[in-house]
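Here's the structure we're looking at; comments come further down.
The values are calculated or read from the model by the stated rules, or taken from the named source; none is laboratory data. Owing to the predicted nature of the structure, the values given are computational and were not obtained by experimental measurement. Note that each Cβ is placed from the backbone with ideal geometry, even for glycine, and that neighbours are counted across all protein chains shown. Accessible surface areas use protein heavy atoms only, side chains included; no ligands, DNA or RNA. Shrake-Rupley method; radii C 1.70, N 1.55, O 1.52, S 1.80 Å.
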Amino acid sequence: GDSVTQMEGPVTLSEEAFLTINCTYTATGYPSLFWYVQYPGEGLQLLLKATKADDKGSNKGFEATYRKETTSFHLEKGSVQVSDSAVYFCALSQIIQGAQKLVFGQGTRLTINP
Amino acid sequence: DVKVTQSSRYLVKRTGEKVFLECVQDMDHENMFWYRQDPGLGLRLIYFSYDVKMKEKGDIPEGYSVSREKKERFSLILESASTNQTSMYLCATTLTSGVITDTQYFGPGTRLTVL
């Protein structure tokens, strides 16, 4: 079945460092791809998404490009802040029994030190 | 803004108790979902519903049931709680059915401990 694999965490960086969180997927058909973020004590919220090959999703300085040839959707940010500390989930979307179903990676915990 | 609320943030129950987790959304969304979140496993889908009184099993439905009597409310029921159901439970909604690009909106989660 479809699956998503993220780089294992936790990841600890200093403020203003460059961030990459790797995500690869296995899917039949043409899924949409998402990054969700979970701040401490909260539910998940959408960070960005891309719906077709070569699309780039971006939000809050984060970017990810849908690479069909490498089945990847890596998350990047040029200069992280302490407020970016959170758990990040990569996910793909498929339609099952007429409803959208998300398949999540295991999550990557990111800690940014001042 | 979409608001998804869950009845409790923290819950402690005993083995064998019947447990109800409730989720309410205020934006007339069609689809509602229940996930459990465990470290190293990400989120796994328990059940979802695409309409009132309709439900479909997700990937891990064993030991759970659901109820959707009104469009805005989706309940997760643990008929006889067990310690391996200790987890964080997250409710989510999407506006429409069958749209692969839809954003899911999540509640804050209920951390359930079964003793």
Let me spell it out: the conditions are (1) within 13 Å of the chain's Cα centre (by Cα); (2) farther than 17 Å from residue A:44 by Cβ, and residue B:53 meets all of them except one. Which number is the exception? (1)
What are the residues in the stretch B:83-115 that are more than 9 Å from every other protein chain (Cβ to nearest Cβ), touching a Phe, Trp or Tyr at 6+ places or on another chain (Cβ under 7 Å) and open to solvent by less than 10 Å² (accessible area, probe 1.4 Å), if any? B:89, B:93, B:110, B:112
Exactly one condition in (1) more than 9 Å from chain A (Cβ to nearest Cβ); (2) closer than 29 Å to residue A:110 by Cβ; (3) open to solvent by less than 20 Å² (accessible area, probe 1.4 Å) is not met by residue B:60; state its number. (3)
Looking at A:18, A:34, A:73, can you tell me which residue is more than 29 Å from residue B:48 (Cβ to Cβ), at pLDDT 95 or above and of a type in the set (Phe, Trp, Tyr)? A:18
How about the stretch A:12-43: which of its residues are touching a residue at least 40 places away in the same chain (Cβ under 8 Å), of a type in the set (Gly, Ala, Ser), surrounded by fewer than 13 Cβ atoms within 10 Å (Cβ to Cβ) and part of a loop (DSSP other than H, G, I, E, B)? A:29
The stretch B:1-41 - residue that is touching a residue at least 12 places away in the same chain (Cβ under 8 Å) and on the phi > 0 side of the Ramachandran plot and, of those, nearest to the chain's Cα centre (by Cα): B:28
Taking into account only those residues within the stretch A:69-105 that are loosely packed, with under 14 Cβ neighbours inside 10 Å, more than 9 Å from every other protein chain (Cβ to nearest Cβ) and within 24 Å of residue A:30 (Cβ to Cβ), which is farthest from the chain's Cα centre (by Cα)? A:69
Take the stretch A:44-60 and flag every residue that is more than 12 Å from every other protein chain (Cβ to nearest Cβ) and open to solvent by less than 50 Å² (accessible area, probe 1.4 Å). A:53
Exactly one condition in (1) within 30 Å of residue B:15 (Cβ to Cβ); (2) at pLDDT below 95; (3) hydrophobic (A, V, I, L, M, F, W, C) is not met by residue B:52; state its number. (1)
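Picking from A:24, A:108, A:51, which residue would you name as being within 15 Å of the chain's Cα centre (by Cα), polar (S, T, N, Q) and closer than 22 Å to residue B:94 by Cβ?
Numbers: A:24 fails: closer than 22 Å to residue B:94 by Cβ; A:108 fails: closer than 22 Å to residue B:94 by Cβ.
Answer to the check: A:51.
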Just to be sure, is residue B:44 charged (D, E, K, R), touching a residue at least 24 places away in the same chain (Cβ under 8 Å) and farther than 13 Å from residue B:72 by Cβ? no
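Select from the stretch B:1-52 the residues that are touching a Leu at 6+ places or on another chain (Cβ under 6 Å) and within 11 Å of chain A (Cβ to nearest Cβ) and write down the one among them that is most open to solvent (accessible area, probe 1.4 Å).
Top of the filtered list is B:37.
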Read through the list (1) within 30 Å of residue B:1 (Cβ to Cβ); (2) modelled with pLDDT of 95 or more; (3) buried (at least 16 other Cβ atoms within 10 Å of the Cβ); (4) not aliphatic (A, V, I, L, M), then give the number of the only condition that residue B:73 fails. (3)
